[in-house]
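Derivation of every value follows stated rules applied to the coordinates shown; laboratory data play no part. Model, not experiment: these values are computed from the prediction. We place every Cβ from the backbone using ideal geometry, glycine too, and count neighbours over all the protein chains shown.
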Amino acid sequence: MNKIEPTHLMNYFNRSLFFPITIICLVTFLLSYLNENISAFIGIFIACWLFLRAKPDAIIGLFILYLIKYNFYIIADISSMSAMNDRELIRDVLVIAGFPVNVPTLACGFITIRVFWEIFQSPKTFYGKVPKIILNLWLIAFIPALIGFFWGYILHNENWTRGLRFLMISGSFFYGFIFVKNWPKEGSRVLIKLLIPFVTVMLFLMNFAIYWSHHGFLFIAIGGAFSFYLLFLNGINNKILGFILLILVLRYSTLSSITIIGIGILSIVFSFFANVHKIGGKKIGNKILKAIPNLLLIFSLIFTFSIAYLGYYLDISFFNIDSSETTSFSDRVIYKTIADRLPFWFAAFEQIVSGPYLIVPSGRILFVNTVFYGMDYEWIVGAHNVFLESIRNTGLFVGLIIISIYIFALKENINVIVKSNDKILKTLSAAILGVGLSGMTTGDFPADMTVGFFIWSLAGVSSGLYLNSKPNQINI
């Protein structure tokens, strides 16, 4: 079992640029309360440097640069807060020549440039970690994605950058291996000091309804997973912190959406089996760890397209379900599936099957029939499903490549959670699986710019650090 050694870990933080970077990024964010545009421009230059530098001491700084002042407020209803969509979360964005100028949007390009550079200048970074065919297909996919990008711009689609953003964010998984290349000798223990204090603070703010952004989905997953890691460590301080994280995650999840409930439950369950092998023995525990996420991944794909196809047989406009009357968990699931998600999934499915198929204009409007918005309501935010949203925004070729990268990333993290002896990596992979499996099914945030980079780069970090500890193991 991994032990937290404060002295050795602090040596790393003292010799790295962690403290200066974090302070600079925090000051840049606070500047937004005085002048948003100046803060945005400074943040963009800092983000560019940090992304091209690609060192793990910048992870918390990057989290902070993604924050906007509108993420912080005081409201009473947690469920309303966590249900806010992209349009409500991003306000007063500076736009130049029709292009949004902010850190999350431009960071997609910085990430891609850095991955491109690594592929062409140092391809050994990915040897034995990512199949060459996946990297090559990802590179080729930029040709149709760029065509769709400009096509959407010419048509004045409001969300015209989304298709290219999705492809760029999928490269965050590859970026994680660049982090690993620059990882300190202290190994996975650095993740504890990097993530847990920051995540704990953000979970407190979320529970007091002071903070929300799409990063909250990942914070729930990390908090839920590492609660069990800490609970099973020696030392009363570790157990207290683990208990606090568990309470924060459970309280927030039970008061929030089905998506967050799923993230919280899955991350906790996977972490429990990853950290405890006493029940049924190690072999049985590993079989459970391998079987459940694989089955859930298959179920997610089948469930998505099955529910979407139901739209041909059900008159969605007559599904007038009152959300205030959905008190039980089963009622909430039915409400979420039929009254909430089905209209968007069916509209996206219809758009996909109606063509064009290989290259599509990015950011097309969805015409949704729902009792909440009426008939043929123009919806621009997205289909609330990564599989459908990736294909409808980028076409079959690019969309299937994006989905394949995410499936590969999830399966690699299943491999970590089953085979690794490093409890920290197993726990991190539990968090990735929790937010990935639940989030990709009922939302599209895992593939978009706000939190997508952090989910998939951490997935690459976990897989990369594990493979580095197994030099003879090659995944092709």
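Descriptive notes on the structure:
- Length added when fully stretched, Ala291-Ile154, from 0.36 nm per residue minus Cα-Cα: 44.7 nm
- Restricting segment 366-448 to chymotrypsin sites (Phe, Trp or Tyr not before Pro) that sit in a DSSP loop and have at most 15 other Cβ atoms within 10 Å of their own Cβ leaves Phe372, Tyr373.
- Links that overshoot a 26 Å alpha carbon limit, given the list Lys55/Lys287; Lys132/Lys470; Lys185/Lys470; Lys193/Lys419; Lys185/Lys423; Lys129/Lys290: Lys55/Lys287
- Derived scalar couplings ³J(HN,Hα) [segment 19-32; Karplus, 6.51 cos²θ - 1.76 cosθ + 1.60; whole Hz; x for Gly, Pro]: 5, x, 5, 4, 5, 4, 5, 5, 5, 4, 5, 4, 4, 5
- Residues whose amide H comes within less than 5 Å of that of Tyr211, counting only those at least five positions distant or on another chain, are Tyr73, Met206 (H built at 1.01 Å from N in the peptide plane).
- Coarse-grained scattering of segment 94-143 at q = 0.14, 0.21, 0.32 Å⁻¹, given as base-10 log I(q)/I(0) from a Debye sum over alpha-carbon atoms: -0.48, -0.81, -1.20
- 14 Å reach of a label modelled at Tyr377, 7 Å along Cα-to-Cβ, counting backbone N of segment 384-413: 384
- Evaluated at q = 0.10, 0.15, 0.20 Å⁻¹, the base-10 log of the normalised Debye intensity for segment 104-221, with identical point scatterers placed on the Cα atoms, takes the values -0.45, -0.89, -1.13.
- Between Val101 and Leu94, Val95, Ile96, the built amide H atoms are under 5 Å apart, and every one of these is 5 or more places off in sequence or on another chain.
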